[in-house]
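Shown next, in structure tokens, is the structure this report addresses.
The values are calculated or read from the model by the stated rules, or taken from the named source; none is laboratory data. Nothing here was measured: the structure is a model prediction, and the numbers come from that model. Here the Cβ is made from the backbone with ideal geometry for all residues, glycine too, and neighbour counts use every protein chain on show. Only protein heavy atoms, including side chains, enter the accessible area calculation; ligands, DNA and RNA are left aside. Shrake-Rupley method; radii C 1.70, N 1.55, O 1.52, S 1.80 Å.
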Amino acid sequence: NKKLLKRIVFQYEKYLYRRNKVWYKISALWDMGTYLYMVFEAYPLYELRGLAGTSKSKEMVVSSYISFNGGQIMINPSEATLFRETDEVRGSKYFDEAEKLWVFNKSTKQYEGDVRTELINASYTKEGRVPRQEKIGNKFITKWYSPFSPTRLSSINGLFGATETRALTQITTKSPNQDPRGE
């Protein structure tokens, strides 16, 4: 629907400065797609990468109001919160300060993620499942949780490894001093 796309693009243009205007439309299309993501086998992660003060968090707030079941912007969520909340709500997920999900290993000279990055990596496709033993009455059963859902991440340093290859990456820049959208 072209009218809907224009209305969403207008919201991005109203609140955010982007040097390359095509990103307004890409953000809007990504948000619109969150309502249909379950019909796809995969849905790309969306990364916002830029210096402090380039409206990465603000863009995630705008998106969370538009996207399907847009959630709170998470900082340092636990592994259990990620897969349980995603499986229950099936909404769009938002991670701020995502660079903290990776730690530099001095011996291997590489950035290494933790179990949360594995869940984020799995969130782009229907195929991933998280098995957990759950007690029901006096019996333990295996419950399979799905981490699949639209996911946006923002960081200053960027993503690493498989996560980076599964993401659309938008480089954000500071707005000109006279532009009030940078406030």
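Tabulated results
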{"item": "DSSP beta bridge pairing in segment 35-183, given as percent antiparallel to the nearest 5", "result": "45"}
{"item": "Per residue, the convex hull volume that the Cα atoms of segment 1-131 enclose (Å³)", "result": "132"}
{"item": "Selection from Phe148, Val22, Leu51, by position along the positive dipole direction of segment 1-160 (Cβ)", "result": "Val22"}
{"item": "Of Lys56/Lys126; Lys2/Lys58; Lys56/Lys143; Lys25/Lys143, those spanning more than 32 Å from alpha-carbon to alpha-carbon", "result": "Lys56/Lys143; Lys25/Lys143"}
{"item": "Accessible surface of the chain, 1.4 Å probe, proportion on carbon and sulfur as whole %", "result": "55"}
{"item": "Å² of accessible area per residue within segment 41-177, as computed with a 1.4 Å probe and no ligands counted", "result": "53"}
{"item": "Projected label distance in nm at Met38 and Gln72, using a 7 Å step from Cα toward the beta-carbon", "result": "2.4"}
{"item": "Low-density loop cleavage sites - trypsin sites (Lys or Arg not before Pro) in segment 85-183, where at most 11 other Cβ are within 10 Å (DSSP)", "result": "Lys106, Lys109"}
{"item": "Förster-model FRET efficiency, 25 Å R0, Arg7 and Glu99, C-beta, rounded to 0.05", "result": "0.15"}
{"item": "Debye log10 I(q)/I(0) for segment 77-141, one point scatterer per Cα, at q = 0.25 Å⁻¹", "result": "-1.16"}
{"item": "Qualifying GluC sites (Glu not before Pro) in segment 49-142, DSSP loop, other Cβ atoms within 10 Å at most 13", "result": "Glu127"}
{"item": "Segment 56-122 and segment 154-182: distance between their alpha carbon centers, rounded to Å", "result": "15"}
{"item": "Magnitude of the charge dipole, segment 35-165, Cβ model with Lys/Arg +1 and Asp/Glu -1, debye to 20", "result": "220"}
